[in-house]
Amino acid sequence: MSRRLGIVGATGAVGKELLGILEEREFPCEEVRLYASAASLGKTAVFRGQELKMQELGPNCFAGLDTAFFSAGGELSREYVPQAVEQGAVAIDNSSAFRLDPEVPLVVPEWNAETLAAQPRIVANPNCSTIIMVMAIAALHRELGIRRVNAVTYQAASGAGQRALEELRAASRAALAGEAFEAKVLSHDIAFNLLARIDRFGADGYTGEEDKMLNETRKILASPEMQVEATCVRVPVERCHSMSLSLDLSSPCSVPRARELLSSAPGLLLQDSPEDDLYPQPADRAGTDAVAVGRIRESRCYPGGLVLWAVGDQLRKGAALNAVQIAEELL
Ligand SMILES: NC(=O)c1ccc[n+]([C@@H]2O[C@H](COP(=O)([O-])OP(=O)(O)OC[C@H]3O[C@@H](n4cnc5c(N)ncnc54)[C@H](OP(=O)(O)O)[C@@H]3O)[C@@H](O)[C@H]2O)c1
């Protein structure tokens, strides 16, 4: 079955990745339309050897599309996703706009593809850190039951978009040259620094990103009782989110059993060999699809629990790849 596709936010960090992944995976499509802001009119991108021009959003711009990928932020999704659906497309949304809507499935296809069975018109792609964490823990949860997760994330600059990635490079160059630098995209200068706030602070001191890791994980794994206490940190890495995860389990698990369960989990790569100094690193995972897990240890805080280190490319599995996998499932 051939399809007509649209990508809203095609010049962005996720949008560019989406176009590349559709080509790589030979997604069946006869037309691709790319949308960006008015500032990008005149820009082009190449798909299957053809140069495609950026278009602006406007009345009836989705007419004739089967699938519209949204990757341009929550505000635009709230305005344009309903229009895309009205004009006949299925919307796969990368923003947080619809993720907690009970009518909208929030999908990591390896773990809850069954929520797509009713052929929904809107599907939400989860938050990037949430996807990577779910990929790392779901096999353990299904087998042993996870009661609590203590998560600390180390999130790449590109997680805040193309302009944040460019700011990391500019800030690093300025720092090395001993020049002053004023951050415009991120909240503070990221060069050789860590920023322990991603998204807004809430009244309880947790940030929006930390709330997403709790609420979205509960929804994806259909586990409303699970506790997730996260501290999310932006780090001066170009791409790939990394995280330390401490798990309180309902049934105790040894390290060898955890390795066995994780080595057969879909989309996961076990890189856990202390004797070879092997553990996941963002520099190795960038541009790859699998989420890697290593540093598997028995927890010293939770009896019978585990501690893991997970790394995944948040522009691929944390965003664009997951969205394309959803579209493949819907086919
Ligand atoms: N980056 C990640 O790792 C990641 C992971 C998961 C989810 N997400 C989500 O994915 C979405 C996109 O993130 P991103 O990182 O790709 O952001 P980005 O690099 O800043 O890209 C934003 C895109 O939106 C477009 N846009 C802005 N205003 C527009 C308008 N008025 N009309 C049409 N297009 C407009 C931009 O076009 P111009 O270039 O013309 O401005 C650009 O293509 C966000 O909702 C984000 O939360 C991001």
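The values are calculated or read from the model by the stated rules, or taken from the named source; none is laboratory data. Note that the structure is a prediction, hence the values are computed from the model and not measured. Neighbour counts are summed over all protein chains in view; Cβ atoms, including those assigned to glycine, are modelled from backbone coordinates with ideal geometry.
Among the residues of segment 76-88, is there at least one that is assigned to a loop (DSSP other than H, G, I, E, B) and either under 24 Å from Glu238 (Cβ atoms) or among the hydrophobic types (A, V, I, L, M, F, W, C) (or both)? Steps first, please.
The initial filter retains those residues of segment 76-88 that are assigned to a loop (DSSP other than H, G, I, E, B), namely 87-88.
Now drop any that are not either under 24 Å from Glu238 (Cβ atoms) or among the hydrophobic types (A, V, I, L, M, F, W, C) (or both), which leaves none.
The answer is no, given that none of the residues of segment 76-88 is assigned to a loop (DSSP other than H, G, I, E, B) and either under 24 Å from Glu238 (Cβ atoms) or among the hydrophobic types (A, V, I, L, M, F, W, C) (or both).
Here's the yes/no breakdown for (1) loosely packed, with under 15 Cβ neighbours inside 10 Å; (2) touching a residue at least 24 places away in the same chain (Cβ under 8 Å); (3) not charged (D, E, K, R); (4) not assigned by TED's automatic domain parsing to the domain that holds Ala138:
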{"position": "Met213", "(1), (2), (3), (4)": "no, yes, yes, no"}
{"position": "Arg218", "(1), (2), (3), (4)": "no, no, no, no"}
{"position": "Ala230", "(1), (2), (3), (4)": "no, yes, yes, no"}
{"position": "Arg234", "(1), (2), (3), (4)": "no, yes, no, no"}
{"position": "Met243", "(1), (2), (3), (4)": "no, yes, yes, no"}
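In segment 35-60, what count of residues is obtained for those that are without any contact (Cβ under 8 Å) to a residue 12 or more places away in the chain and either under 18 Å from the mean Cα position of the chain (by Cα) or within 8 Å of the ligand (Cβ to nearest atom) (or both)?
Result for segment 35-60: 1.
Keeping to segment 135-163, report how many residues are within 16 Å of the ligand (Cβ to nearest atom) and surrounded by fewer than 24 Cβ atoms within 10 Å (Cβ to Cβ). Let's see the steps before the verdict.
Keep residues of segment 135-163 that are within 16 Å of the ligand (Cβ to nearest atom), which gives 135, 153-163.
In the following step, the residues that additionally are surrounded by fewer than 24 Cβ atoms within 10 Å (Cβ to Cβ) were identified as 154, 160-163.
Matching residues across segment 135-163 total 5.
So which residues in segment 105-127 are more than 22 Å from Ala151 (Cβ to Cβ), assigned to a loop (DSSP other than H, G, I, E, B) and in contact (Cβ under 8 Å) with a residue 60 or more places away in the chain?
Gln119
Can you tell me how many residues within segment 84-131 are surrounded by fewer than 19 Cβ atoms within 10 Å (Cβ to Cβ) and in contact with a strand residue (DSSP E or B) (Cβ under 6 Å, 6 or more places away or on another chain)?
2
Give me a count of the residues in segment 128-163 that are in contact (Cβ under 8 Å) with a residue 60 or more places away in the chain and under 18 Å from the mean Cα position of the chain (by Cα).
Residues of segment 128-163 that are in contact (Cβ under 8 Å) with a residue 60 or more places away in the chain, as a first pass: 128-141, 143-162.
Subsequent filtering for residues that are under 18 Å from the mean Cα position of the chain (by Cα) retains 128-138, 151-162.
So the answer is 23.
I'd like to know if segment 24-34 contains one or more residues that are assigned to a helix (DSSP H, G or I), of a type outside the set (S, T, N, Q) and more than 11 Å from the ligand (Cβ to nearest atom).
Kept after step one, since they are assigned to a helix (DSSP H, G or I), are these residues of segment 24-34: 24.
Among the residues that remain, those that are also of a type outside the set (S, T, N, Q) are: 24.
Filter again for more than 11 Å from the ligand (Cβ to nearest atom), leaving 24.
Within segment 24-34, one or more residues are assigned to a helix (DSSP H, G or I), of a type outside the set (S, T, N, Q) and more than 11 Å from the ligand (Cβ to nearest atom).
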